[in-house]
Each structure stands twice: as C-alpha cells, then as structure tokens.
1. Taking only the range B:135-178 into account, find how many residues are assigned to a helix (DSSP H, G or I) and over 27 Å from B:SER37 (Cβ atoms).
2. Exactly one condition in (1) surrounded by fewer than 19 Cβ atoms within 10 Å (Cβ to Cβ); (2) touching a Ser or Thr at 6+ places or on another chain (Cβ under 7 Å) is not met by A:VAL218; state its number.
3. Please report, ordered by residue number, the helices (runs of 4 or more DSSP H) entirely within the range B:226-320 with at least 1 residues that are at pLDDT below 85 and out of contact with any Leu (no Cβ under 6 Å at 6 or more places or on another chain).
4. Quick one: which residue in A:GLY24, A:GLY71, A:GLY31 is modelled with pLDDT of 95 or more and in contact with a Gly (Cβ under 8 Å, 6 or more places away or on another chain)?
5. When the range A:242-278 is examined, which residues are found to be polar (S, T, N, Q) and either buried (at least 21 other Cβ atoms within 10 Å of the Cβ) or on the phi > 0 side of the Ramachandran plot (or both)?
6. For B:GLY131, only one of the following conditions fails: (1) out of contact with any strand residue (DSSP E or B) (no Cβ under 6 Å at 6 or more places or on another chain); (2) buried (at least 21 other Cβ atoms within 10 Å of the Cβ); (3) not hydroxyl-bearing (Ser, Thr, Tyr). What is its number?
7. Would you mention how many residues in the range A:23-56 are among the aliphatic types (A, V, I, L, M) and within 27 Å of A:SER90 (Cα to Cα)?
8. Scan (1) within 24 Å of B:LEU134 (Cα to Cα); (2) of a type in the set (Phe, Trp, Tyr); (3) crowded, with 21+ Cβ neighbours inside 10 Å for the single condition B:TYR44 breaks and write down its number.
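The values are calculated or read from the model by the stated rules, or taken from the named source; none is laboratory data. The shown structure was predicted, so the numbers you read here are calculated from the model rather than taken from an experiment. Cβ placement follows ideal geometry from the backbone for every residue including glycine, while neighbour counts extend to all protein chains displayed.
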Amino acid sequence: MDTFLSVLFLSLSKGAIYGVVAFGLVMVWRGSGILNFAQMGQAMFTTYIASNLIINGQSYWIAAIIAIVLGGLLGATIQQLVMRPIEAMSSKSKTSDIEAIFAIVPIVATLGLLALFQSVAGMIWAGEERGFPAPVSTFGILVGEDILPFSAFDIFTIGVLAVVLVITVLFFRMTNMGLAMRAAALSPEVARLNGVRVDRVKTLGWVISGALASLAGVLVTPTANLSPNTLDLVLIIGFTAAVIGGIESLPGAILGGVIIGTLVNVISVYIDPENVFVSILIVLFLVLLVRPQGIVGTKAGRLA
Amino acid sequence: MISLSFLLFFYLLGQVLGPYNQGQLNVVLIYFIAILSLVILTGYSGQISLGQGALMAVGGYVCAITITNFLVPSLLAIAIAVLGSLLVGLILGLSAARLSGPYLAGATLVLSLAIPSLAIRFESVLKGDVGIQLYLSEPPSWLTRVLGTIDFDEWNYVFTLPFAAIVLFFVINLTRSKYGRNWSAIRDRPIAAALSGINVERTRIYAFVLSSGIAGLAGALYGFRGVVGPSVYPTALSLALLTGAVIGGVRHISGALIGAGLVVFLPDLINWFSNRFQLSQNVSDYLPAFIGAVLLILTVILNPSGIAGGAHHHRAESHK
C-alpha cells in the first residue's frame with residue numbers, strides 16, 4: 001500500500017482516540033459547563049489499575065472492562081463530591097466577591113483533581129514508566145515483503161471506537177435517557193419542567209465521559225507507555241480537537257479528533273515529531289482567532 | 001507607605017535570616033510579583049491563565065538574550081524584558097479578550113506546555129533544553145559601601161526587593177483606580193458594564209497586557225538566579241502560581257503574599273516532615289504535590305475566596 005494511504009489510516013486510529021477524548025470533554029461541557037482538565041488524569045489512574053490487574057494474572061479483557069467501569073464511577077464520584085458542592089455554593093452565594101471567583105473555580109477544581117490523581121499515582125506506582133499490553137500485535141502488518149506502518153492494534157482501535165460511536169449515537173437518538181440528556185444540555189430549565197431529572201442527567205454525563213476517557217487511556221498506552229504524566233498530551237490534543245469541532249458539538253468532537261490526529265501524524269511522519277506541540281499551539285490559536293465557533297458549531301458560545 | 005514599610009520589613013527579615021533563607025526569600029518575592037499579575041488578571045478582570053509561567057519565560061528569555069547578545073546592563077535588560085512581555089501580552093490579550101474561561105484556560109495551558117518544544121525548535125536563539133546562563137552584574141560600589149560585601153544570594157535578594165515594592169505600589173494604586181473599578185465591573189456584570197460605557201474587550205486586553213508585563217518582570221528576576229531555560233519555567237510553575245493565588249485569595253493583594261510564601265515554604269515543610277518520619281521515597285517525592293492538590297480542592301470547595309478572602313469576610317461579619 002502507498003505510504004501516504006497508510007499514514008492516513010494510522011491517522012484515523014490515533015484521530016479516533018483523540019475524537020473520543022474530545023467527545024468526553026464536550027459531554028461534560030454541555031452537561032455541566034465545566035471543562036474537565038482532570039479527565040485524562042482519571043484515565044491514567046484507571047489504566048494503572050488495569051495494568052496492575054494484568055500483571056497479577058488477570059486477562060486483558062477483564063482488566064480493560066474494569067478500567068472502563070472504574071472510569072465511569074470515578075466520573076460520578078468527582079461530580080458528586082467536588083462539582084456539586086461548588087455548584088450549590090455558587091448558586092446560593094450573594095456577594096459579588098465570591099461570585100466573581102466562581103467563574104474560575106470549576107477550572108481550578110479540575111486542575112487540582114488532575115494534580116491529585118498524578119501525585120497519588122506517583123506515590124503508589126513510583127512514577128515509573130511502564131508498558132501497557134495490547135490484545136493484538138502493535139507491530140506493522142506484514143503484507144508479502146512490506147511492513148505496513150499500521151498494525152492489527154490500529155485496526156482493533158478503529159473497530160472498537162466505531163462500535164462505541166454507533167452505540168453512543170443510538171443511545172442519544174433512540175433512548176429516553178439520551179433524549180433527556182440532549183434536552184438538559186439544550187435548556188436545563190425547560191427540561192426540568194418537563195420532568196427530566198437534570199442532576200441525574202449531569203451525573204450520567206460525567207459517567208460516560210469518565211468511561212470513554214478510560215477507554216482512550218487503555219487504547220493509547222500500548223503505543224505510548226504509561227506514567228503519571230503520559231496522558232497530558234492526549235488531553236491537550238483532545239481539547240484542541242474539541243475546539244476545532246466547536247466545543248458544543250459531539251459529532252464535531254469526533255471530526256476534530258480525526259483532523260488533529262491526521263495533522264499530528266502527518267507532521268511526525270513527514271516533518272519532525274519535535275514540531276507536534278508547536279503545530280498544535282498554532283492550530284489552536286488559528287482556530288480560536290479565525291473561527292472560534294469551530295467547524296461544526298454555530299453559536300458564538302465561546303465569545304465572552 | 002505600605003510599599004516602603006514592605007521594603008524595610010523584608011530587608012530586615014533578610015538580614016535576620018541567613019544567606020540560604022535569602023535565596024528562598026528572593027523566590028518568595030518573585031512569586032509574589034508573579035501572583036500579583038494573577039490577582040490583576042484573574043482576581044480583578046476575571047480571566048484565567050494557566051500560562052503565567054510561560055509569560056515569565058518570555059521575560060526571562062528576552063532578558064537573557066539581550067544581555068548575552070548586546071551586553072546591556074541588567075536594569076536596561078529588565079526594562080526590555082518587560083516591554084517584550086507587554087508586547088506578547090498584547091498579542092495574547094487580543095485573542096484572549098474574546099475568549100471565555102475554559103477556552104482561555106486551555107489555550108494558555110497549551111502555551112505553557114509548548115515552551116520546551118519552542119526552546120528546542122528555535123535552538124539557535126533559545127539554546128534548547130540547556131537554556132541560557134544569566135547572572136546579575138556586580139553590585140555597584142555605592143551599594144557595597146552602604147551594605148558591606150554582598151554575596152550572590154543577598155545581592156539577588158536586595159536587587160529583587162525594590163521591584164517587588166514598586167509592583168506592590170503599582171498594583172495597589174491600579175486596583176483603586178478607574179481601571180480597577182472597570183475590571184471589577186466587567187467581571188461581575190459584563191453586560192451592565194458595557195451598557196455603562198465601558199469598552200469590555202479593550203478593558204480585558206488592558207488587564208492581560210499589564211498582567212503579562214508584571215509576569216515578565218517576575219520571569220526576568222527569576223532568570224537572574226542563574227539560568228533561563230524550559231526547566232526553569234515548567235507548566236508546574238504556572239500551576240503552582242495559580243494554586244498559590246487561589247489558596248492565598250485571588251482577589252486580595254495580601255493573598256498574593258500568603259500564596260507566594262506557601263508555594264515556597266510548604267514543600268520545605270513537607271520535606272522536613274517526610275524526613276522526620278522517614279516516609280518512603282515514592283511518598284516523599286509526591287507528597288508536596290499531593291498536599292498542594294488537596295489544599296487547592298479544599299479551598300475551592302470550602303472557602304473559594306482563599307485565606308485572605310476568608311479573613312476579610314470574618315472581619316466584615318464581626319463589624320456588623
């Protein structure tokens with residue numbers, strides 16, 4: 001196969017992961033109006049747990065599923081223990097002094113959580129880098145004499161994420177809960193008046209986002225190693241993907257993920273991996289300056 | 001007046017404590033300046049920056065480059081560094097003023113994460129991972145005549161002190177001026193502020209530019225401790241400054257001093273604690289970060305206006 005096509009295919013597998021990360025960010029953003037910087041910290045933590053399970057002889061599949069379930073639980077815990085008290089306080093406070101701080105409090109809280117996860121992981125797992133296994137080979141597929149730059153694991157990744165995507169779309173389109181979530185994101189007050197339990201819907205958003213992040217963690221680490229800080233880069237790329245897609249839009253998040261995945265991949269294959277960060281920075285600022293509503297978004301929601 | 005007593009107090013404090021502590025007090029003062037830049041940006045104008053360390057890096061690099069390449073005196077280099085960071089702040093502010101919280105937070109975070117890559121990308125000027133050496137020129141003779149011989153740490157400390165006092169003076173007056181009131185107005189009620197004839201966008205940009213200038217000054221002073229490089233201005237620095245600002249009280253100038261003290265001395269205290277109780281290497285390595293994170297989370301849940309803000313409230317209530 002042509003190198004260029006292989007690079008594109010590889011981009012799709014990486015882009016799909018970034019897309020899922022962005023999807024999780026957008027989900028919480030739409031539900032709770034919070035950009036969750038701790039998301040990949042949660043994922044790092046659950047991936048470490050899965051890794052420990054595998055080291056202790058548990059099968060890959062069970063470990064991966066436990067990681068994803070724990071990711072969902074972690075999301076719910078954060079929402080209940082940290083975000084709800086903050087929201088409750090911000091809605092009842094009257095003084096402008098405290099009110100002003102509430103614009104930044106959720107962001108600071110998620111950063112604190114990220115630091116918490118990273119430091120606890122460091123304490124438990126010594127901050128060592130370790131590999132994380134993949135269910136299938138991560139080496140390039142051999143076709144005749146040629147080694148293709150993408151592996152069975154890339155195909156696996158794309159397959160898993162495609163299935164997840166279809167399930168999510170069906171969930172939002174076909175189930176009452178999905179409808180409730182869309183309604184609550186669009187207009188919480190109206191949804192509440194129509195009998196949607198907005199609080200519960202918010203929690204569900206955090207659960208789905210946490211589970212997806214853990215899935216992304218399990219899918220990224222076989223090719224990137226696992227350490228307390230490994231997934232920071234994934235978060236940043238996921239954030240950029242969400243911004244490209246217009247942070248209000250779930251399909252936009254996936255699209256943004258594929259776009260940024262392609263960009264990152266093409267740059268690291270054809271130019272220099274060292275340039276990846278600088279190009280993300282440039283893309284992010286270009287999008288924010290030129291088309292702040294993203295490629296899918298229509299509202300000028302992010303303009304202050 | 002406050003600034004002068006501040007100057008005197010810290011000079012005497014430096015004299016009482018030894019050279020090692022002067023090195024640390026120097027860092028406290030530099031963080032104080034840096035956190036004051038966050039007080040203006042976040043506390044007064046309501047914008048968040050996770051990249052204040054990156055703006056410090058701008059100041060540090062400009063200062064180091066002008067000194068190594070053009071051999072200008074330290075003071076002039078600092079002035080150029082402040083101008084440089086004002087300019088970068090203007091460029092950032094132009095985009096930032098249009099962005100609301102999370103976008104700004106993400107964009108500034110990416111900026112601070114990109115510093116090491118930028119240093120390597122432009123290695124010929126920025127000298128990659130190693131960075132550029134930067135030292136203060138010898139203390140002037142009139143100063144040595146007044147203060148006696150001055151060693152490295154003391155000279156750095158004595159050099160930083162007036163800058164901290166000037167920034168303190170500037171920020172106190174700024175927050176009491178028309179601009180301080182305008183910032184509070186657009187932060188609390190942006191629409192009402194716009195209707196009252198405040199140009200919201202321009203006021204936000206103004207806050208960003210000033211804050212960048214102050215951060216750049218802090219960054220230049222930070223660089224004078226020996227080296228300007230990516231490891232001096234990591235993302236962790238930006239986050240530590242924000243943590244200090246929030247725990248201390250981001251709306252309050254006194255909070256900036258409390259926060260700066262915490263950021264510098266808390267890790268020391270924790271290290272002393274982990275040595276005392278012989279905690280394992282893993283735990284003692286990550287304990288400062290852990291305690292910082294817990295304090296930050298507890299602050300935002302229980303007392304979001306921070307230590308200084310909390311004290312303020314209690315005082316206000318007891319007056320009633």
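1. 7
2. Result: A:VAL218 fails condition (1) only.
3. Values: elements: B:235-248, B:253-276, B:281-302, B:306-319.
The helices (runs of 4 or more DSSP H) meeting that bar are B:253-276, B:281-302, B:306-319.
4. Values: A:GLY24 fails: modelled with pLDDT of 95 or more; A:GLY31 fails: modelled with pLDDT of 95 or more.
Of the residues listed, the single one that is modelled with pLDDT of 95 or more and in contact with a Gly (Cβ under 8 Å, 6 or more places away or on another chain) is A:GLY71.
5. Here is the first cut: in the range A:242-278, the residues polar (S, T, N, Q) are A:249, A:262, A:265, A:268, A:275.
Residues satisfying the conditions are A:SER249, A:ASN265.
6. (1)
7. Step one: filter the range A:23-56 for residues among the aliphatic types (A, V, I, L, M), giving A:25-28, A:34-35, A:38, A:40, A:43-44, A:49-50, A:53-55.
When the remaining residues are screened for being within 27 Å of A:SER90 (Cα to Cα), the result is A:25-28, A:34-35, A:38, A:40.
Qualifying residue count, the range A:23-56: 8.
8. Failed condition: (1).
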